[in-house]
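The values are calculated or read from the model by the stated rules, or taken from the named source; none is laboratory data. Only a predicted model underlies this, so the values are computations on that prediction, with no experimental measurement involved. Cβ placement follows ideal geometry from the backbone for every residue including glycine, while neighbour counts extend to all protein chains displayed. The accessibility values were calculated without ligands, DNA or RNA, using every heavy atom of the protein model including side chains. Shrake-Rupley method; radii C 1.70, N 1.55, O 1.52, S 1.80 Å.
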Amino acid sequence: MVVRRPPGRRAQILAVAADRFHRSGYHQVSMTEVAAGVGITAPALYRHFRGKPELLDRTLRSGLDALADGLRGARTTADLGAALAAVAVAHRPLGTLVQRDARLLPPARRAALRRELRADVALMTAVLRAERPELALPDAELLCWSALSACAGLSYQSAAPQPRRAEALLRETVAAVLAVRLDGTAADGEDGPPEPPGPRPRTRREELLAAAVRLFHQRGFDNVSTDQLGAAVGISGPSVYRHFDSKAHLLAASLVRSRERLWHEVDGAITAAEGPGRALAAGLHGYVGFALRNGDYLGAMLSETERLAPPDRRAAVDFRRDFLRTWVELLRGVRPEQDAAAARIRVHALFALVNDGVRNRPHCDRPDLGDCLLRLGRAVLGVA
């Protein structure tokens with residue numbers, strides 16, 4: 001007797017896997033859980049995919065193939081916006097999976113993924129420069145990467161928004177980003193983000209916290225040893241335990257310290273400003289300035305939160321929820337016609353654009369990056 005597999009079973013598996021990886025993180029999801037979500041046994045799942053690494057790879061490829069297909073048919077910047085928005089809604093987990101979990105792929109596949117994304121941006125850049133021939137190639141590329149990031153921000157929402165409305169708002173956001181002017185050294189005559197503070201004395205504990213954020217972001221929690229952490233600050237690996245009970249404790253403490261600095265800098269700037277418009281502008285300046293100095297923390301916050309113990313993970317998620325709420329209220333104070341759902345989409349787009357912008361080479365090395373991010377941030381928020 002021949003047992004026929006239901007049509008579309010692989011697509012169903014990929015959709016369930018994308019959802020599980022998105023919500024819980026690659027490390028926290030088992031093949032058994034994915035199989036149960038599809039309604040099959042784990043052995044049946046292995047007949048489709050050899051293991052979890054292949055499942056992650058195919059899940060990413062499914063979303064990236066849809067992105068490439070949409071962009072290949074684009075002839076105008078409006079077409080680009082429609083393609084990016086459609087993929088962001090239909091493949092909502094993709095942004096998180098690319099930024100957080102793709103680094104767990106084998107090196108060859110990671111390199112292939114980067115090539116695919118660069119090819120997508122090259123397609124977008126050609127369309128954009130056809131409409132805006134005055135743009136220098138680096139400027140056009142930065143605008144296209146920023147449009148991608150802004151749409152990927154939808155991936156970080158805890159609940160799926162209404163699809164048609166989200167698509168319409170993302171198309172509007174892409175149009176605003178691709179229309180930004182990047183010439184000049186300051187946005188609209190304003191000062192750029194605040195300069196980094198001067199060097200301050202550090203204890204060995206503080207040095208370890210800073211080194212941990214950097215190494216965990218660059219290599220991943222599982223790929224960093226206590227010997228490497230110790231060497232980064234000039235001590236032996238076992239000496240790390242004089243300051244922290246475990247590597248997990250060090251991860252949690254490093255993220256807490258970075259969160260405290262983020263809140264202090266941004267909330268302080270917002271509180272000191274008078275009126276909704278100035279408060280939003282001050283918050284944007286504060287966030288961009290923090291991001292320029294703390295890209296490693298923003299990367300580690302995204303990629304390593306799932307590695308925290310449950311109480312620490314809940315604290316990190318609660319902080320992000322409160323931080324988001326503050327920004328949604330700020331934006332609605334300036335644009336009261338926006339409801340909370342629209343404001344959340346815009347704020348997530350802002351965070352994704354800035355967080356990616358300070359870590360995306362070669363554009364993160366631009367001397368005017370801070371000013372560029374301010375202009376792009378205002379465009380995404382709809383207050384340019």
Original post:
Once the Cβ-Cβ distance between ALA168 and ALA90 is put in as r, and R0 is 22 Å, what FRET efficiency do you end up with, to the nearest 0.05?
Top reply: 0.90
Original post:
If we count every other residue with Cβ under 10 angstrom of LEU64's Cβ, Lys/Arg +1 and Asp/Glu -1, where does the sum land?
Top reply: -3
Subject >> FRET efficiency, 1/(1 + (r/R0)^6) with R0 30 Å, evaluated for ALA126 and ALA159 via beta carbons >> reply: 0.25
Subject >> Of the trypsin sites (Lys or Arg not before Pro) in the range 1-70, those whose Cβ has at most 15 other Cβ within 10 Å and which sit in DSSP loop >> reply: ARG4, ARG47, ARG50
Original post:
Using the alpha-carbon centroid of each, what span in Å lies between the range 235-300 and the range 85-122?
Top reply: 26
Subject >> Rg in Å to one decimal, and Dmax rounded to a whole Å, for the chain via C-alpha atoms >> reply: 21.5, 76
**OP:** Compute the Rg to Rh ratio over the range 102-160 from the alpha carbon atoms, using the Kirkwood formula for Rh, and round to two decimal places.
**Re:** 1.08
Subject >> Dimensions in Å of the range 266-325 - Rg and Dmax from alpha carbons >> reply: 13.7, 40
Original post:
Where does the chain land at 222 nm, in deg cm²/dmol rounded to the nearest 500, when only DSSP H runs of n ≥ 4 count, each adding -39500 (n - 2.57), divided by all residues?
Top reply: -22000 deg cm²/dmol
**OP:** Determine the per residue accessible area of the chain with all protein chains present and a 1.4 angstrom probe, expressed in square angstrom.
**Re:** 47
Original post:
Ignoring ligands, DNA and RNA, how do ARG242, ARG361, ARG332, ARG257 rank by accessible area with a 1.4 Å probe, largest first?
Top reply: ARG242, ARG361, ARG332, ARG257
Subject >> Per-residue SASA entry for LEU137, accessible area with 1.4 Å probe, Å² rounded to 10 >> reply: 80
**OP:** Over 19 Å, how big is the tail of the calculated P(r) for the range 327-384, in percent of all Cα pairs?
**Re:** 32
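Pop out the carbon and sulfur fraction of the accessible area of the range 1-159 as a percent, whole number, probe 1.4 Å. Let's see the in-between values first.
Numbers: 4090 of 7400 Å².
Carbon with sulfur: 55 percent of the solvent-accessible area.
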Subject >> Relative contact order of the chain, defined on C-alpha pairs under 8 angstrom at six or more residues apart (%) >> reply: 18
**OP:** Can you figure out the FRET efficiency of ARG181 with ASP227, using R₀ = 51 Å and their beta-carbon distance, to the nearest 0.05?
**Re:** 0.55
